[in-house]
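Remarks on the structure that follows.
The values are calculated or read from the model by the stated rules, or taken from the named source; none is laboratory data. Quick caveat: nothing in here was measured; it's all calculated off a predicted structure. All Cβ positions, even for glycine, are placed from backbone atoms using ideal geometry, and neighbour counts span all protein chains on display. The accessibility values were calculated without ligands, DNA or RNA, using every heavy atom of the protein model including side chains. Shrake-Rupley method; radii C 1.70, N 1.55, O 1.52, S 1.80 Å.
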Amino acid sequence: MGANDNKYEKVLDVSGGMFADMKLLKEKKAIEELFVRVAAEDNRACFGLKDTMRAFEQGAVQTMILWEDLVAFRLELKDTTLGDDQPIIVAYVTAEDRKSSQRLLKKTGGREILRENPLIDWVSDNMALLGGGGSGVQLVSLSSGVGKQFVETFDGIGALLSYPLIQLNLSDSGGSALKDQDGDDHDDIWPFDD
């Protein structure tokens with residue numbers, strides 16, 4: 001190994017640490033901005049699976065903040081007993097909800113899962129839905145105190161919004177975010193508990 005090889009290895013070691021520090025700094029900045037906006041109650045931030053995915057569907061998300069180990073799913077459902085012209089229903093569910101949904105599928109007589117995607121993968125694949133000017137998705141680890149606080153406080157999902165959403169408070173309605181392609185809410189026929 002030559003002297004130049006040893007220099008390159010040292011540079012790579014140092015720069016690898018700098019990139020890790022930059023990643024932590026970027027996630028810390030996004031989370032702190034989320035905390036500031038939530039505290040300000042200016043309706044330019046949201047958190048939790050339902051509110052965040054509704055804001056995403058409305059194109060209001062500037063930056064989505066996701067815990068890198070978040071286990072949540074996007075389900076596309078259809079009631080096959082009513083014929084082919086029925087709308088596809090979209091549900092965003094946690095791992096716990098997913099287990100419950102298997103039981104509910106049996107009870108609802110014919111509602112079947114057409115597609116199931118891990119939420120992080122689906123959001124990454126559908127970044128165009130964020131609209132222009134957004135800075136995308138910020139994955140968060142538990143490597144920092146602020147990352148741990150985000151996961152514990154907001155269940156590992158939240159968003160900085162491009163504009164205020166006045167009627168986004170869904171915490172009273174209970175259940176997972178669920179709507180058909182027409183935009184109608186279906187919390188009443190798919191009642192998950194938060």
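Looking only at residues that are within 15 Å of Val137 (Cβ to Cβ) and part of a strand (DSSP E or B) in region 63-80, which one is most open to solvent (accessible area, probe 1.4 Å)?
Looking at the filtered set, the residue picked out is Trp67.
For region 151-166, enumerate the residues that are under 16 Å from Thr94 (Cβ atoms) and assigned to a loop (DSSP other than H, G, I, E, B).
Asp155, Gly156
Quick check on my filter: what residues within region 49-62 are under 14 Å from Leu165 (Cβ atoms) and surrounded by 17 or more Cβ atoms within 10 Å (Cβ to Cβ)?
Correct list: Lys50, Asp51, Thr52, Met53, Arg54, Ala55, Phe56, Ala60, Val61, Gln62.
Check off (1) touching a residue at least 60 places away in the same chain (Cβ under 8 Å); (2) touching a helix residue (DSSP H, G or I) at 6+ places or on another chain (Cβ under 8 Å) for Asp42 and give me the number that stays unchecked.
(2)
Checking the condition surrounded by 19 or more Cβ atoms within 10 Å (Cβ to Cβ), modelled with pLDDT of 80 or more and under 26 Å from Gly59 (Cβ atoms), which residue from Leu114, Leu119 passes?
Exactly one of Leu114, Leu119 is surrounded by 19 or more Cβ atoms within 10 Å (Cβ to Cβ), modelled with pLDDT of 80 or more and under 26 Å from Gly59 (Cβ atoms), namely Leu119.
Looking at the structure I just gave you, is Gly156 of a type outside the set (A, V, I, L, M) and modelled with pLDDT of 90 or more?
It is true that Gly156 is of a type outside the set (A, V, I, L, M) and modelled with pLDDT of 90 or more.
Looking only at region 28-39, count every residue that is open to solvent by less than 20 Å² (accessible area, probe 1.4 Å) and free of Cβ contacts under 8 Å to residues at least 12 places away in the same chain and tell me the total.
Quick first cut of region 28-39, residues open to solvent by less than 20 Å² (accessible area, probe 1.4 Å) only: 30-31, 34.
With the extra rule that they be free of Cβ contacts under 8 Å to residues at least 12 places away in the same chain, the set shrinks to none.
Of the residues in region 28-39, 0 are open to solvent by less than 20 Å² (accessible area, probe 1.4 Å) and free of Cβ contacts under 8 Å to residues at least 12 places away in the same chain.
Of all residues in region 50-69, how many are touching a Ser or Thr at 6+ places or on another chain (Cβ under 9 Å) and over 11 Å from Ala159 (Cβ atoms)?
5
Could you tell me whether any residue of region 44-55 is polar (S, T, N, Q), under 13 Å from the mean Cα position of the chain (by Cα) and not in a loop (DSSP other than H, G, I, E, B)?
Yes; the residues of region 44-55 include at least one that is polar (S, T, N, Q), under 13 Å from the mean Cα position of the chain (by Cα) and not in a loop (DSSP other than H, G, I, E, B).
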